[in-house]
């Protein structure tokens, strides 16, 4: 397996008050990795530690304990940021610049030659669907349009790792679908994507793996398809029945005797929203619990 793009080991962040006393444990002994070329979802209620995790990965905060590496470098190594694109939940863009000027400005921050900046800017403006509005000042943009130009600035340096915080925020259903398709395109181009989102259906649609945080603790972690699968049921809703070659053969024979055929045989899945709410409720009921490396993740349980 290739070296992971992101690795955290016992990553902990404790905020202190003015007198150096412990004020808030924002993140506690976080362990996870993000593989090259995957879309990874970081989920949790407000205050669960998602933003703290992102800031630690970007080097905007320093860990109290533990360590993390991004693109093979320590998070304190600013050179890694040359290969990272970041879209915050609220894009702090200069309101009196237009789209072309905005991307040119961010291109200068990466010391890109003028010809490269111009070519890259036009490509990205076309890609995010702002060609007709590229001369308008950003103060005239809707929130959805600001989200699009924010994504363009996150891609100006052709990054290897793209970190998106609430990428579909402010977008209508068509815009949200466009954003998800673009994220899938980034994966096809070989880029790695980490995204935070409160829209769980979006995460379920496009993420390969997820981590769910609650009050600074990792509560669940794994492949979306595995976490949402109810392994104790099959699609015909036969309880306490596991899939075996013998069962499949018998089912095929049974259906054939009745003139039918077996199109598929598998386990039903719940929705990511239901799974997420269950993890959070169980976390509240069991304070101090956290997901540990090597532990079997909690799987779905359908009513």
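The values are calculated or read from the model by the stated rules, or taken from the named source; none is laboratory data. These numbers were taken from a predicted model, which means no experiment stands behind them. Using ideal geometry, Cβ is built from the backbone for each residue, glycine included, and neighbour counts are taken over all protein chains shown.
Look at residue 12 and say whether it is in a strand (DSSP E or B) and either at pLDDT 95 or above or out of contact with any helix residue (DSSP H, G or I) (no Cβ under 7 Å at 6 or more places or on another chain) (or both).
yes
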For region 224-232, indicate whether the set of residues that are in a strand (DSSP E or B), crowded, with 20+ Cβ neighbours inside 10 Å and in the same structural domain as residue 38 (by TED's automatic domain parsing) is non-empty. no
Test: residue 275 is surrounded by 20 or more Cβ atoms within 10 Å (Cβ to Cβ), under 27 Å from the mean Cα position of the chain (by Cα), assigned to a strand (DSSP E or B) and assigned by TED's automatic domain parsing to the domain that holds residue 51: no
If you go through region 164-174 one residue at a time, do you hit one that is outside any loop (DSSP other than H, G, I, E, B), free of Cβ contacts under 8 Å to residues at least 24 places away in the same chain and over 21 Å from residue 90 (Cα atoms)? no
Please indicate, with yes or no, whether at least one residue in region 59-80 is surrounded by fewer than 13 Cβ atoms within 10 Å (Cβ to Cβ), part of a helix (DSSP H, G or I), in contact (Cβ under 8 Å) with a residue 12 or more places away in the chain and under 26 Å from the mean Cα position of the chain (by Cα). yes
If residue 178 meets every condition in (1) touching a helix residue (DSSP H, G or I) at 6+ places or on another chain (Cβ under 7 Å); (2) surrounded by fewer than 23 Cβ atoms within 10 Å (Cβ to Cβ); (3) assigned to a helix (DSSP H, G or I) apart from one, which number is that one? (1)
Those residues of region 117-144 which are exposed (fewer than 14 other Cβ atoms within 10 Å of the Cβ) and over 25 Å from the mean Cα position of the chain (by Cα), in sequence order: 119, 131, 132, 135, 136, 139, 140
Residue among 37, 41, 49, 107 that alone is in contact with a helix residue (DSSP H, G or I) (Cβ under 7 Å, 6 or more places away or on another chain), buried (at least 20 other Cβ atoms within 10 Å of the Cβ) and under 26 Å from residue 224 (Cβ atoms): 41
Which numbered condition trips up residue 280, out of (1) assigned to a helix (DSSP H, G or I); (2) touching a helix residue (DSSP H, G or I) at 6+ places or on another chain (Cβ under 8 Å); (3) closer than 24 Å to residue 33 by Cβ? (2)
Which members of region 241-257 meet the condition of being modelled with pLDDT under 85 and in a loop (DSSP other than H, G, I, E, B)? 241, 242, 243
Given the criteria assigned to a helix (DSSP H, G or I), in contact with a strand residue (DSSP E or B) (Cβ under 9 Å, 6 or more places away or on another chain) and surrounded by fewer than 21 Cβ atoms within 10 Å (Cβ to Cβ), does residue 184 qualify? yes
Over region 16-44, the set of residues part of a loop (DSSP other than H, G, I, E, B) and touching a strand residue (DSSP E or B) at 6+ places or on another chain (Cβ under 8 Å) is 17, 35, 36, 37, 38, 44
The residue that is surrounded by the most Cβ atoms within 10 Å (Cβ to Cβ), considering only those in region 156-175 that are within 18 Å of residue 123 (Cα to Cα) and over 11 Å from the mean Cα position of the chain (by Cα), is 156
